[in-house]
Amino acid sequence: MRRIAEQKTVKSIIVAGGAGFLGSHLCDALLARGHRVLCIDNFLTGSFANVAPLCNHPRFSLLERDICEPLAVDGRYDEVYNLACPASPPSYQADPVHTMMTNVSGTANLLALAERSKARFLQASTSEVYGDPEVHPQVETYCGHVSCTGPRACYDEGKRAAEALCFDYQRMKRIDTRVARIFNTYGPRMQPDDGRVISNLVVQALTGRKLTVYGKGDQTRSFCYVSDLVRGLIALMEVAENPEVPVNLGNPRECSIAEIAELVRSMTARRVEIVNAPLPVDDPKRRRPDIARARSLLRWAPEVPLEEGLRRTIDWFEQTVADGTERRPA
Ligand code: NAD
Ligand code: UDP
């Protein structure tokens, strides 16, 4: 009897984008909970090093595939997490049409796959759906202030379209879909050259280069450590009652980018200059999540303070980038 009960809790789960920064940590967490995981990734911005340690795991498999292509996979799945999409502005703007198609066709393909399996579906959406927000902090009922013509639109509008697809599937009772609006998240396994602010600043400091602050540095972001975020994604997927509304996941501690640069400089103890560089077009001025919904529906809140998360991130980059050694999975 006990064996049967144990077997029932082992789920088969697809993680699209599972070789990326967040996706690989999610694969680790799901395997640690005893589930079977199929990672689907085209390695556009992900890295084989992120999942290499899992490749001999008996409950892990890897499928190299672009989600924009129609997807047929063997077997039945209980859950599908869709994290497949480049997340850093330089990466998603490098091929904006592909970014848009990843969010629209790719999400539609994964939703169809989930429907065939009657799987529960979680979409990794983003705080970018709020654009350059006029409401602060950002609450889920705010519809956003997004440019549909600027260079960030392929991502922001793509993610908004993906949310619309998920809520249509939900309303039509085709499958159970959940939408997480993820705010800036950082930690080990960010690509050192992917252009996001934490990885840029840490790598610049560790390699003795000038720290680049875009604009005056008075724009704000709220940074969530990766383990907190992954715990939030799993909580949203597993909560018994479908919230039927998007849920913000992020850390409400808000910092200016100038403050973050100072903090990274002092925590890395490097005598490097902080310089200003041009502010990218449409760069949002302020961002902080209202997480009341996640607190009440999921009993979730972040636990890792910024200084501790940064310490772990700096240590990881120190061992992988600055020493010039092989990338070490965290
Ligand atoms: P990432 O770039 O490290 O990971 C994305 C993964 O998706 C990579 O492994 C990439 O190779 C894969 N991918 C991209 N396009 C694909 C396609 N067409 N087919 C198959 N695989 C594809 O980014 P991340 O930070 O891990 O972000 C993961 C998800 O979370 C993304 O959907 C992103 O939009 C969302 N998100 C992340 C953050 C953050 O701060 N990290 C914030 C908001 C939302
Ligand atoms: N940024 C910066 N220096 C960098 C990289 C980014 O000042 O080397 C700024 C960027 O302009 C933005 C903030 O840091 O205001 C966060 O940028 P990121 O690309 O990490 O995330 P997003 O803009 O998508 O929130």
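Where does the chain land at 222 nm, in deg cm²/dmol rounded to the nearest 500, when only DSSP H runs of n ≥ 4 count, each adding -39500 (n - 2.57), divided by all residues?
Values: 12 runs with 119 residues, N = 330.
Here the helix-only value at 222 nm equals -10500 deg cm²/dmol.
Using the eigenvalues of the Cα gyration tensor, what equivalent ellipsoid semi-axes result for the range 1-83 when each is taken as the square root of five times the eigenvalue, whole Å, largest first? Display every interim value, and only then the final one.
Details: eigenvalues 104, 43, 19 Å².
Gyration-tensor ellipsoid for the range 1-83: 23, 15, 10 Å.
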Please give me the summed charge of the neighbours of ILE274: other residues whose Cβ is under 9 Å from its Cβ, Lys and Arg +1, Asp and Glu -1. 0
Taking amide H positions as placed in the peptide plane 1.01 Å from N, state which residues far from ILE274 in sequence (5 or more) or on other chains have amide H under 5 Å from it. LEU211
Which is farthest toward the positive dipole end of the range 1-82 among GLY20, ALA49, GLY75, measuring Cα position about the Cα centre, with Cβ charges +1 (Lys, Arg) and -1 (Asp, Glu)? GLY75
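For an R0 of 51 angstrom, estimate the FRET efficiency from the Cβ-Cβ distance between THR149 and ASP74 and round to the nearest 0.05. Before the final figure, lay out each step's value.
Details: r = 42 Å, r/R0 = 0.83.
FRET efficiency, THR149 to ASP74: 0.75.
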Which of the listed residues, VAL139, MET172, SER91, is farthest toward the dipole's positive end in the chain, when Lys, Arg count +1 and Asp, Glu count -1 at the beta-carbon? MET172
Farthest toward positive dipole pole in the chain [+1 Lys/Arg, -1 Asp/Glu at C-beta], among TYR130, ALA277, GLY187: GLY187
By its C-alpha gyration tensor, with a ≥ b ≥ c as the square roots of the eigenvalues, how is the range 39-179 shaped: rounded for a/c under 1.5, else prolate for a/b larger than b/c, else oblate? oblate
So if I place +1 on the C-beta of Lys and Arg and -1 on the C-beta of Asp and Glu, and nothing else carries charge, what would the dipole magnitude of the range 33-163 be about its Cα centre? I want it in debye, nearest 20. 560
Using the alpha-carbon atoms, what tilt in degrees (0 to 90, nearest 10) does helix 21-32 show relative to the longest principal axis of the chain? 50
At the level of C-alpha centres, the distance separating the range 142-198 and the range 251-266, in angstrom, is 24
If one takes the longest principal axis of the Cα atoms in the chain, at what angle in degrees, from 0 to 90 and to the nearest 10, does the Cα axis of helix 153-171 lie? 30
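May I ask you to compute the full-extension gain from ARG295 to ASP95, defined as 0.36 nm times their residue separation minus their alpha-carbon distance, rounded to one decimal in nm?
Values: separation 200, 0.36 × 200 = 72.00 nm, distance 3.65 nm.
68.4 nm is the gain from fully extending ARG295 to ASP95.
By count of other Cβ within 10 Å, fewest leading, how are HIS136, HIS98 ordered? Kindly include the intermediate steps, with their values, before the conclusion.
Working: HIS136 15, HIS98 20.
Fewest to most other Cβ atoms nearby, the residues stand as HIS136, HIS98.
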Extending each Cα 7 Å along its Cβ direction at SER105 and THR9, get the distance between those two points in nm, one decimal. 4.2
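Nearest-5 percent of antiparallel DSSP beta bridges in the chain? Please report the intermediate quantities before stating the final value.
Details: 3 of 38 bridges.
Approximately 10 percent, going by the DSSP bridge assignments.
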The ratio Rg/Rh over the Cα atoms of the chain, Rh being the Kirkwood inverse mean 1/r radius, stands at 0.95
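Please report, in debye to the nearest 20, how large the charge dipole of the chain is about its Cα centre when each Lys and Arg carries +1 at its beta carbon and each Asp and Glu carries -1 there.
It works out to roughly 800 debye.
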Starting from the Kirkwood Rh over alpha-carbon pairs, what translational D in µm² s⁻¹ does the range 199-330 have by Stokes-Einstein at 25 °C and 0.890 mPa s? 149
Give the peptides 246-253, 214-221, 149-156 in descending order of average Cβ contacts within 10 Å, highest first. 246-253, 149-156, 214-221
Mind jotting down the three principal axis lengths of the range 43-122 based on Cα atoms? Whole angstrom, largest first. 35, 31, 19
Extension gain (nm, one decimal) between GLU254 and PHE48, 0.36 nm per residue minus Cα-Cα: 70.9 nm
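Bear in mind these aren't lab numbers, they're just calculated from the coordinates by the rules spelled out. What you see is a predicted model; the values in this text were computed from it and never measured. Every residue, glycine as well, gets a Cβ built from its backbone with ideal geometry; the counts of neighbours run over all protein chains shown.
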